[in-house]
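Each remark here refers to the structure printed beneath this line.
The values are calculated or read from the model by the stated rules, or taken from the named source; none is laboratory data. Note that the structure is predicted; figures quoted are calculated from it, not measured. Here the Cβ positions follow ideal geometry from the backbone for every residue, glycine too, while neighbour counts run over all protein chains shown. The protein model used for the area step is the full one, side chains on, heavy atoms only, and it has no ligands, DNA or RNA in it. Shrake-Rupley method; radii C 1.70, N 1.55, O 1.52, S 1.80 Å.
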Amino acid sequence: MRAMPVKPTISFENLEVAFASKSNAELRKMYLIFATLNNNLVSSIGIKLANLAFQLHLPVKGIMKKTMFGHFCGGETIAESVLACRQLAKYGVHSILDLSVEGKGDEASFEATTEEIYQTLVESAKTEYMPFGVFKVTGLGDYRILEKIQANQALTPAEQEAFARLEGRVDRLCKTAHDLGLKILVDAEESWFQNVIDDLAYAAMAKYNSSRCVVYNTYQMYRHDSLARLKQAYQVAQEQGYLFGAKPVRGAYMEKERARAQAEGYVDPIQPNKAATDQDYDAAIRYSVENHIHLVCATHNEKSSVALTELMELHGIAADSELVFFSQLYGMSDSISYNLAKSGYRVVKYVPYGPVEKVMPYLSRRASENSSIAGQSSREFELVRKEMTRRRLK
Ligand SMILES: Cc1cc2nc3c(=O)[nH]c(=O)nc-3n(C[C@H](O)[C@H](O)[C@H](O)COP(=O)(O)OP(=O)(O)OC[C@H]3O[C@@H](n4cnc5c(N)ncnc54)[C@H](O)[C@@H]3O)c2cc1C
């Protein structure tokens with residue numbers, strides 16, 4: 001009897017595919033960027049100096065655009081970023097325009113942010129390769145009001161009005177995505193007001209997810225209660241008869257969450273260790289696939305990405321099914337994005353954009369993620385180095 005052929009597991013080791021879009025000159029530039037980031041001291045001093053230079057109005061914008069900003073961001077404007085998205089689309093990788101600036105936190109800036117994100121949706125609807133929009137609720141309204149609502153504190157009449165305006169902005173963006181045939185992701189933020197974000201996302205799902213999945217909520221699996229929250233939200237969606245969209249992430253605010261819990265003396269919402277986060281992340285993915293939940297698997301973790309392809313195979317979900325999207329950040333984990341896309345999976349990369357000086361907080365986070373951990377080179381740096389060797393470049 002002949003053995004059944006075993007379908008090989010997807011591999012992210014194909015560097016030729018991963019770096020197909022990069023010329024030798026671009027690869028050399030990437031090497032320099034990641035080599036710098038990999039040096040903890042140099043990278044933290046570099047980011048501090050760049051921030052200082054912007055405060056002093058020194059002409060550093062050009063350098064930033066050619067280095068860190070150019071690598072991790074699509075551009076300063078929607079029009080510039082669309083060019084980057086078009087480039088990704090040549091390799092089957094789709095994009096999500098992600099306004100990555102921190103506003104001033106007043107009503108005028110909330111209105112301006114909503115309008116800008118509205119424009120990203122209008123632009124995205126013009127192409128096939130920008131199927132999603134994205135927003136952070138704290139870009140659209142005052143987080144202190146969200147905090148008060150979650151803490152069951154009474155709002156003043158002015159705060160009630162401000163919250164009503166925030167609800168209107170969330171609705172405007174979700175309705176626009178719905179009307180333009182797009183999908184939209186609601187990013188997850190800090191646990192002390194995340195319940196309010198969840199409720200806004202569920203209200204939008206109930207309104208717009210009846211015939212197709214438009215709105216997706218995000219679940220941070222570094223929280224020990226997130227798997228239960230995801231399952232509960234799915235059950236409610238089933239009972240109320242709307243489609244449920246989930247974007248599991250591991251979570252970006254671990255230190256801040258732990259520090260606040262310790263300072264205020266409540267139980268740390270974060271998992272005891274990385275292994276527990278990984279376990280719940282993979283459980284969330286498994287639960288989603290088993291229940292045919294509309295899924296955006298947002299991770300740079302190779303094991304979780306491979307596990308999802310295996311689960312899809314096991315449950316008969318085609319690689320190009322509308323049910324499952326893989327998602328990474330622009331300028332990171334191209335080995336995952338490009339190899340998945342090449343194998344026919346749906347991949348959407350967040351393409352951050354905004355004026356250079358306003359994107360600095362975003363760039364600082366990317367710098368710390370790509371610095372060396374306990375003396376080990378960052379994975380991105382290792383991959384670029386291997387590709388340089390493969391191309392016999394110095
Ligand atoms: C497309 C995309 C969208 C994203 N959207 C959001 C969002 O809306 N909200 C948000 O918060 N984040 C978001 N993130 C960031 C995400 O939460 C992670 O911080 C980041 O992706 C790193 O996790 P990973 O799964 O890629 O990889 P890994 O390198 O496998 O995991 C690193 C993560 O593990 C967790 N971790 C590390 N050490 C420990 C520990 N000791 N104990 C417990 N947990 C630990 C942390 O969450 C850390 O970020 C997004 C990321 C991507 C790629």
Modelled label reach - Lys126, point 7 Å along Cα→Cβ, segment 351-372 residues with backbone N closer than 20 Å: 351-355
Amide H within-cut-off set for Gln220, under 5 Å, with H built and near neighbours excluded: Val249
Thr114 accessible area, assembled protein chains, probe 1.4 Å, Å²: 0
Antiparallel bridges, percent of DSSP beta bridges restricted to the chain (to nearest 5): 5
Lysine pairs meeting the criterion (Cα under 21 Å, 8 or more apart or interchain), as found in segment 90-230: 12
Computed accessible area, Lys342, all protein chains, 1.4 angstrom probe, square angstrom: 150
Local electrostatic count at Val93 - Lys and Arg +1, Asp and Glu -1, tallied over other residues with Cβ under 12 Å: +4
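When Lys and Arg each count +1 and Asp and Glu each count -1, what net charge do the other residues less than 11 Å away from Glu322, Cβ to Cβ, add up to? Numbers along the way, then the final one.
Working: positive: Lys183, Arg212, Arg346; negative: Asp320.
Combined, the nearby Lys, Arg, Asp and Glu give +2.
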Evaluated at q = 0.07, 0.10, 0.11, 0.14 Å⁻¹: base-10 log I(q)/I(0), Debye formula over Cα of the chain: -0.32, -0.68, -0.83, -1.41
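Give the ranking of Thr120, Thr389, Thr113, Thr77 by solvent-accessible surface, highest area first, calculated with a 1.4 Å probe. Write out the running numbers ahead of the final one.
Numbers: Thr120 5, Thr389 95, Thr113 25, Thr77 60 Å².
Reading off the accessible areas and sorting them downward yields Thr389, Thr77, Thr113, Thr120.
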Å² of accessible area per residue within the chain, as computed with a 1.4 Å probe and no ligands counted: 48
Debye intensity ratio I(q)/I(0), log10, segment 279-345, q values 0.17, 0.24, 0.26, 0.27 Å⁻¹ (C-alpha model): -0.54, -1.09, -1.27, -1.36
Largest to smallest principal axis extent of the C-alpha atoms in segment 109-209, angstrom: 45, 24, 22
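In percent, what relative contact order does the chain have, based on Cα pairs under 8 Å that are 6 or more apart in sequence?
Working: 604 pairs, mean separation 100.3, N = 394.
Result for the chain is 25 percent.
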FRET efficiency, Glu161 to Arg392 (Cβ-Cβ, R0 56 Å, nearest 0.05): 0.30
Under 18 Å from Lys274, Cα to Cα: lysines that are on another chain or at least 8 residues apart: Lys256, Lys303
Column: log10 I(q)/I(0), Debye, Cα scatterers of segment 5-111, q = 0.11 Å⁻¹: -0.53
Accessible surface, 1.4 Å probe, highest first, among residues Lys231, Lys22, Lys90, Lys104: Lys104, Lys90, Lys231, Lys22
Net charge over other residues, Cβ less than 14 angstrom from the Cβ of Gln240 (K, R count +1; D, E count -1): -1
Straight-distance crosslink candidates among lysines, where the alpha carbon sits under 19 Å from Lys65 and sequence neighbours closer than 8 are dropped: Lys22, Lys29, Lys48, Lys358
Calculated FRET value between Asn39 and Gln279, using beta carbons and R₀ = 35 Å, to 0.05: 0.60
Normalised contact order of segment 225-331, rounded percent, pairs of Cα under 8 Å and 6 or more residues apart: 28
Neighbour-limited loop hits for GluC sites (Glu not before Pro), segment 97-154 (at most 11 other Cβ within 10 Å; DSSP other than H, G, I, E, B): Glu128
Cross-link partners of Lys349 among aspartates and glutamates (Cα-Cα below 13 Å; sequence separation of 8 or more within a chain): Asp98, Asp334
Share of carbon and sulfur in the accessible heavy-atom surface of segment 254-394 [1.4 Å probe, %]: 52
